[in-house]
Amino acid sequence: MKIVLALSIIFLGYTQSNGHDIYTSELTVIQRDSVLHLELRMNAFELEALGGREMIKNGVIDWDRFSDGKQEIITKLNKALVLKLDNNPLHTDKTGITVDDTHHLIFRAHYNLTEDQRSGLLRIESKLREFTSRSHVTKVRFKKSEHQENAQLEGDRNSVEFELVSRDKKEKNRLSDSKASSN
């Protein structure tokens, strides 16, 4: 009986450890004065609802199959990643997608910011789990100036927030700090 119980525990542990892979993508958003640059890097096979597994042949992306579904993937990814500044949606007209030498898709988008959009609360909402695996995790990096903030989208957490800072605002803060220190 003890042997059966021990084997059952080992088998259960083995199936649990191999039963669910953790799928991870990387989302980087960089603030550069008047532009937000967005780059999402993910495994192509995660796009299950878009035929991602069919795009992979011998472990690498099949270029012909990828080309056939490229525009649909761009449209879906653009809708799945929603950027809002102070609760107002940001729109992009510059998006594209490419692949690296193996099985990673790289989606890029650029958001032009008006002068009054260069500071405020940036909210990134992700709907990637609607067409990727249910265990999908997105590591988020937000870079501004020389600072970087990190966050993670997983489970029920489908949004993150970061504070945009304009160069003018940084300059005003620097000047007020220097005035305060001289007084």
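Here are the numbers for this structure:
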read-out	value
Count of residues meeting criterion [assigned to a loop (DSSP other than H, G, I, E, B) and either β-branched (Val, Ile, Thr) or crowded, with 19+ Cβ neighbours inside 10 Å (or both)] in the stretch 104-146	6
Among residues of the stretch 55-66, those that are surrounded by 14 or more Cβ atoms within 10 Å (Cβ to Cβ), among the hydrophobic types (A, V, I, L, M, F, W, C) and outside any strand (DSSP E or B), counted	2
Any hit, the stretch 83-90, residues being outside any strand (DSSP E or B), of a type outside the set (Gly, Ala, Ser) and open to solvent by 50 Å² or more (accessible area, probe 1.4 Å)	yes
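Here is a yes/no grid of residues against (1) at pLDDT 85 or above; (2) part of a helix (DSSP H, G or I); (3) surrounded by fewer than 11 Cβ atoms within 10 Å (Cβ to Cβ):
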position	(1), (2), (3)
11	no, yes, yes
16	no, yes, yes
27	yes, no, no
40	yes, no, no
68	no, yes, no
71	yes, yes, yes
75	yes, yes, no
78	yes, yes, no
92	yes, no, no
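The values are calculated or read from the model by the stated rules, or taken from the named source; none is laboratory data. All figures in this text were calculated on a predicted structure; none of them were measured in a lab. With ideal geometry, Cβ positions are generated from the backbone for all residues, glycine too; neighbour counts draw on all protein chains shown. For accessibility, only protein heavy atoms count, side chains too; no ligands or nucleic acids. Shrake-Rupley method; radii C 1.70, N 1.55, O 1.52, S 1.80 Å.
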